[in-house]
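Heads up: the structure comes next, in structure tokens.
The values are calculated or read from the model by the stated rules, or taken from the named source; none is laboratory data. In this text, all values refer to a predicted model and were calculated from it rather than measured experimentally. Methodologically, a virtual Cβ is constructed for each residue, glycine included, from the backbone with ideal geometry; neighbour enumeration extends over all protein chains shown. When the accessible area is computed, the model is the full protein with side chains, heavy atoms only, and any ligands, DNA or RNA have been set aside. Shrake-Rupley method; radii C 1.70, N 1.55, O 1.52, S 1.80 Å.
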Number of protein chains: 2
Amino acid sequence: MKETCLVHTKVFQSALRGKKLKATPGRLAILDIFAHCNKPLSIKELKKMAGSAGPDIATLYRNAESLTAEGMLVKVNLGEKNSAYELASRKHHHHLICKTCGQVADVTISASPGLNQQALKAAKDFAAVSGHSLEFFGFCKKCVKK
Amino acid sequence: MKETCLVHTKVFQSALRGKKLKATPGRLAILDIFAHCNKPLSIKELKKMAGSAGPDIATLYRNAESLTAEGMLVKVNLGEKNSAYELASRKHHHHLICKTCGQVADVTISASPGLNQQALKAAKDFAAVSGHSLEFFGFCKKCVKK
DNA sequence: GCTTATTTGCAAATAATTCGCATTTAGTAT
DNA sequence: ATACTAAATGCGAATTATTTGCAAATAAGC
């Protein structure tokens, strides 16, 4: 198995038990990967990082979904066909994605919290706005030199 | 064939010729559908609306891509596995999607234009921000009554 | 009308995601 | 610690989404 961090593992175990989820190797593997990698990862990338001894890809799909349902992961939309995830425990932020190389940077937008109310006000058929997805696209300094 | 609008068709034909795209039935079918339906549509939905006499699904994929590359369509991310498109000629706006029934409402965010600069300032490795995707999630009035 | 580069339909190939089911296992009660 | 039960896992097969190859059709320009 990969070099998992015991401290993280303990924390994740309690967190999982606090929800209605069992602390299984499949879930701990996912959470451990994210604890060491602060960027959105697709299922395929998770599979690669977990290695051949890691959970089956079907298990990764199922756990990404259950962890998201319980609020431990958030689904991130990077404009790719396959969706990515990251740890929900991180503070609210958005992403800036390089259209050439795919590099992802975190960005914090000060106005972000107020956007939901603004959206609700603008849509008369809606009763509530619970969240948003805000992703930026552009070019990183490396790729713009072309 | 569906009741296409001659006026629209003329406009789209010129628009296509203005780009480097031929005004083919496949492309006109897509543009005509969007001219009558102001909401994001997936390829599957386009196929259904085009009907059995409409373009093959492979053609829809190829044309959605070429029209997007030429700036006549924009790809919209509604949090679904399959991506959707809408006419680029419409003024800049965002979407609010009901998490229960999938209904989509357009919303305009006043601060929206300034967000790109804010993102660029926050990401030191990036040289330019060319656009963003901002989608809201919530519950429509019909679905919240449960 | 003739020519040519594009586009199209169709079928087959990939890729992404989900499902069924027998087996294993985490959490709990004994 | 042992037994029990619902939940989780692996594996393969089934779906679903998207892309590709290629021969036939056709839009645009001459």
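With respect to B:S42, is the statement that it is touching a Phe, Trp or Tyr at 6+ places or on another chain (Cβ under 9 Å), within 30 Å of A:A105 (Cβ to Cβ), within 14 Å of another protein chain (Cβ to nearest Cβ) and within 11 Å of DNA strand D (Cβ to nearest atom) true?
Yes; evaluated as a whole, the condition is true for this residue.
Do we find a residue being crowded, with 18+ Cβ neighbours inside 10 Å and more than 13 Å from DNA strand D (Cβ to nearest atom) anywhere in the range B:7-18?
Taking every residue of the range B:7-18 in turn, none turns out to be crowded, with 18+ Cβ neighbours inside 10 Å and more than 13 Å from DNA strand D (Cβ to nearest atom).
Would you call A:A84 farther than 28 Å from A:S130 by Cα and open to solvent by less than 30 Å² (accessible area, probe 1.4 Å)?
Against the criterion (farther than 28 Å from A:S130 by Cα and open to solvent by less than 30 Å² (accessible area, probe 1.4 Å)), A:A84 does not qualify.
So how many residues does the range A:118-139 have that are surrounded by 15 or more Cβ atoms within 10 Å (Cβ to Cβ) and in a loop (DSSP other than H, G, I, E, B)?
So the count comes out to 1.
Step by step: first the residues of the range B:87-99, then only those that are facing chain A (nearest Cβ under 10 Å) and under 12 Å from the mean Cα position of the chain (by Cα), then the one that is surrounded by the fewest Cβ atoms within 10 Å (Cβ to Cβ). Which residue is that?
B:H93
Between a first residue in the range A:20-41 that is without any contact (Cβ under 8 Å) to a residue 24 or more places away in the chain and a second residue that is in a helix (DSSP H, G or I) and near DNA strand C (Cβ under 9 Å from one of its atoms), which pairs have beta carbons less than 8 Å apart while being 6 or more apart in sequence or on different chains?
Within 8 Å, the pairs are A:K22/A:L16; A:A23/A:Q13; A:A23/A:L16; A:A23/A:R17.
Residue by residue through the range B:101-116, note down the ones that are more than 16 Å from DNA strand C (Cβ to nearest atom) and not in a strand (DSSP E or B).
Those that are more than 16 Å from DNA strand C (Cβ to nearest atom) and not in a strand (DSSP E or B): B:C101, B:Q103, B:T108, B:I109, B:S110, B:A111, B:S112, B:P113, B:G114, B:L115, B:N116.
I want to confirm something. Restricting to the range B:50-76 and keeping residues that are among the aliphatic types (A, V, I, L, M) and in contact with a strand residue (DSSP E or B) (Cβ under 7 Å, 6 or more places away or on another chain), which single residue is farthest from DNA strand C (Cβ to nearest atom)?
Residues of the range B:50-76 that are among the aliphatic types (A, V, I, L, M), as a first pass: B:50, B:53, B:57-58, B:60, B:64, B:67, B:69, B:72-74, B:76.
When the remaining residues are screened for being in contact with a strand residue (DSSP E or B) (Cβ under 7 Å, 6 or more places away or on another chain), the result is B:64, B:67, B:73-74, B:76.
Working: B:A64: 10, B:L67: 10, B:L73: 14, B:V74: 19, B:V76: 17 Å.
Of everything passing the filter in the range B:50-76, B:V74 is farthest from DNA strand C (Cβ to nearest atom).
Assuming A:I33 fulfils every condition listed in (1) β-branched (V, I, T); (2) touching a Gly at 6+ places or on another chain (Cβ under 9 Å); (3) at pLDDT below 95 apart from one, which condition is it?
Of everything listed in (1) β-branched (V, I, T); (2) touching a Gly at 6+ places or on another chain (Cβ under 9 Å); (3) at pLDDT below 95, A:I33 misses just condition (3).
Just to verify a result, which residue in the range A:100-117, among those that are at the interface with chain B (Cβ under 7 Å from one of its Cβ atoms) and touching a strand residue (DSSP E or B) at 6+ places or on another chain (Cβ under 8 Å), is most open to solvent (accessible area, probe 1.4 Å)?
Applying the filter and picking the extreme gives A:T108.
May I ask you to list the residues in the range B:68-81 that are more than 11 Å from chain A (Cβ to nearest Cβ) and either open to solvent by 40 Å² or more (accessible area, probe 1.4 Å) or within 13 Å of DNA strand D (Cβ to nearest atom) (or both)?
B:T68, B:A69, B:E70, B:G71, B:V74
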